[in-house]
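Peer 1: Next up is a structure, given as structure tokens.
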Amino acid sequence: MSSSYLIALGSNRRHHLYGRPRDVLRAAMEELSALGTVTRRAPVIDSAPMGPAQRQFANGAIVLDSEYDPPALLAGLKRMERQFGRRKGRRWGDRVLDLDIVLWSGGEWQADDLLIPHVDFRVRDFVLSPAGAIAGDWRDPLSGLSIRQIAARV
Ligand SMILES: Nc1nc2c(c(=O)[nH]1)N=C(CO)CN2
């Protein structure tokens, strides 16, 4: 059975082939179709860095329909981050590509290395803004609020 996932993308470093963060996200959105069918793409936004990161971010979001369950999808996303040259570094530091599962059609998922809903998405405007553009009526299973409603509160 296929599931729908809302995935947030972020980048604030150049890639040697793809170029600027915006172009990294465009390339990543193409690559994501290796893991399922990309049914919606939010326009990429520029956003000021939150936390210790230094450079401006490009952020985006997609909806992916996939046969993978959450752990298998997470493994696929991590593999893609590595392919794009992401190295383990400082938590919250600069990165070529960050891919996070925000919500999925199955509701909650709780494991040591994966929590859905994503723990911090409700307070991150750089996630809520692109997510609201393509999945405003998706609901947070914990609060019952839609992304549109959560975004209006931030
Ligand atoms: N604006 C913005 N700031 C960030 C972001 C991000 O994607 N966008 N990601 C971070 C590390 O995950 C740290 N800070």
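Coordinate-derived values only; no laboratory data. Quick caveat: nothing in here was measured; it's all calculated off a predicted structure. Backbone-built Cβ (ideal geometry, glycine too); neighbour counts: all protein chains shown.
Peer 1: Once Lys and Arg get +1 and Asp and Glu get -1 on their Cβ, which of L128, L97, I150 lies farthest toward the positive end of the dipole of the chain?
Peer 2: L97
Peer 1: Take each of the peptides 118-126, 94-102, average the number of other beta-carbon atoms within 10 Å over its residues, and list them starting from the highest.
Peer 2: 94-102, 118-126
Peer 1: Also: Can you give the local net charge around P141? Use residues other than it whose beta-carbon is closer than 15 angstrom to its beta-carbon, Lys and Arg +1, Asp and Glu -1.
Peer 2: Net local charge, P141 excluded: -1.
Peer 1: Where Rh is the Kirkwood radius over the Cα pairs of region 85-147, the temperature 10 °C and the viscosity 1.306 mPa s, what D in µm²/s does Stokes-Einstein return?
Peer 2: D, rounded to a whole number, is 122 µm²/s.
Peer 1: Let me ask you something else. In the neighborhood of A48, defined by Cβ-to-Cβ distances under 11 Å, what is the net charge if each Lys or Arg adds +1 and each Asp or Glu adds -1?
Peer 2: My count for the surroundings of A48 gives -1.
Peer 1: Loop only per DSSP, at most 12 neighbouring Cβ atoms within 10 Å: give me the chymotrypsin sites (Phe, Trp or Tyr not before Pro) in region 22-101, ordered by residue number.
Peer 2: For chymotrypsin sites (Phe, Trp or Tyr not before Pro) across region 22-101 that sit outside H, G, I, E and B with at most 12 neighbouring Cβ atoms in 10 Å, the list reads W92.
Peer 1: Run through region 67-140 and list the GluC sites (Glu not before Pro) located in a DSSP loop whose Cβ has at most 15 other Cβ atoms within 10 Å.
Peer 2: Taking region 67-140 and a limit of 15 other Cβ atoms within 10 Å, the loop GluC sites (Glu not before Pro) found are E67, E108.
Peer 1: With runs of 4+ DSSP H residues as the only contributors, calculate the mean residue ellipticity of the chain at 222 nm using -39,500 (n - 2.57) per run, divided by the residue total and rounded to the nearest 500.
Peer 2: Helix-only estimate at 222 nm: -8500 deg cm²/dmol.
Peer 1: Based only on the alpha carbon positions, what is the Kirkwood hydrodynamic radius of the chain, in angstrom?
Peer 2: 15.5
Peer 1: Local charge sum around L128 (other residues, Cβ-Cβ under 10 Å, Lys/Arg +1, Asp/Glu -1)?
Peer 2: That works out to +3.
Peer 1: If you don't mind, another one. Would you please put 10-21, 43-54 in order of how densely packed they are, using the mean number of other Cβ atoms within 10 angstrom per residue and starting with the highest?
Peer 2: Packing order, densest peptide first, comes out as 10-21, 43-54.
Peer 1: Treating only the Cβ of Lys, Arg, Asp and Glu as charged (+1, +1, -1, -1), what charge dipole size does the chain show about its Cα centre? Round to the nearest 20 debye.
Peer 2: About 740 debye.
Peer 1: Under unit Cβ charges (Lys, Arg +1; Asp, Glu -1), what dipole magnitude, rounded to 20 debye, does region 1-89 have relative to its Cα centre?
Peer 2: I would put it at about 540 debye.
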